[in-house]
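All remarks here apply to the structure that follows.
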Amino acid sequence: MDYKVYGERMDITLQYFDGCPNWTLVDERLRLLSTERPDIALNYQLIDTAEKAERMSFHGSPTILIDGIDAFGDATTPVGLACRRYMTDKGSAGAPSMAQLKSIIG
């Protein structure tokens, strides 16, 4: 997916909840990528209640939104306070790989 429009800022929002440790690995990877890309604005959104998860259509921690769109969106992923799983080249993981993140950011 190509979310970037040349010459504009890319807003990346990391949605998470504190009960899931996987968001910190995604945070680390996104911070590293953002140092290479000054056009990236990295934001954080704490999802701390089931009601907020429903209201925000939160598909688990960590969720990565690029310009408001779930970068790894899948209609079958349930909404709620849960740790999200990602399919990587090494199997199921709690975070997308660096290669996956680079491919969606462009």
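Which residues, taken from segment 73-97, are out of contact with any Phe, Trp or Tyr (no Cβ under 8 Å at 6 or more places or on another chain), of a type in the set (A, V, I, L, M, F, W, C) and surrounded by 14 or more Cβ atoms within 10 Å (Cβ to Cβ)?
Result: Ala82, Cys83.
If the Cβ limit is 9 Å and pairs must be 6+ apart or interchain, which residue in segment 30-45 that is touching a residue at least 40 places away in the same chain (Cβ under 8 Å) and within 27 Å of Leu81 (Cβ to Cβ) pairs with which residue that is charged (D, E, K, R) and in a helix (DSSP H, G or I)?
Leu33/Lys102
Could you pull out every one of the helices (runs of 4 or more DSSP H) wholly within segment 17-106 that has 3 or more residues that are within 12 Å of the chain's Cα centre (by Cα) and not aromatic (Phe, Trp, Tyr)?
On the way: elements: 22-36, 50-56, 98-105.
Fully inside segment 17-106 and qualifying: 22-36, 98-105.
With the structure loaded, tell me whether Asp27 is surrounded by 12 or more Cβ atoms within 10 Å (Cβ to Cβ) and on the phi > 0 side of the Ramachandran plot or whether it fails that test. Break it down into steps so the answer makes sense when it comes.
Values: surrounded by 12 or more Cβ atoms within 10 Å (Cβ to Cβ): yes; on the phi > 0 side of the Ramachandran plot: no.
In short, no.
Output the qualifying pairs, or none if there are none: Cβ atoms under 9 angstrom, residues six or more apart or on different chains, first residue in segment 81-102 and on the phi < 0 side of the Ramachandran plot and without any contact (Cβ under 8 Å) to a residue 40 or more places away in the chain, second residue buried (at least 16 other Cβ atoms within 10 Å of the Cβ) and basic (Lys, Arg).
Close Cβ pairs satisfying both conditions: Ser97/Arg29.
Looking only at segment 67-100, which residues are among the polar types (S, T, N, Q) and over 20 Å from Met56 (Cβ atoms)? Can you show your working first?
If we filter segment 67-100 for residues that are among the polar types (S, T, N, Q), which is where we start, we get 76-77, 88, 92, 97, 100.
Hits for segment 67-100 are Thr88, Ser92, Ser97, Gln100.
Each value in this text was obtained by applying a stated rule to the coordinates, not by laboratory testing. Because the structure is a prediction, the values reported are computed rather than measured. Cβ coordinates were reconstructed from backbone atoms using ideal geometry, including for glycine residues, and neighbour counts include every protein chain displayed.
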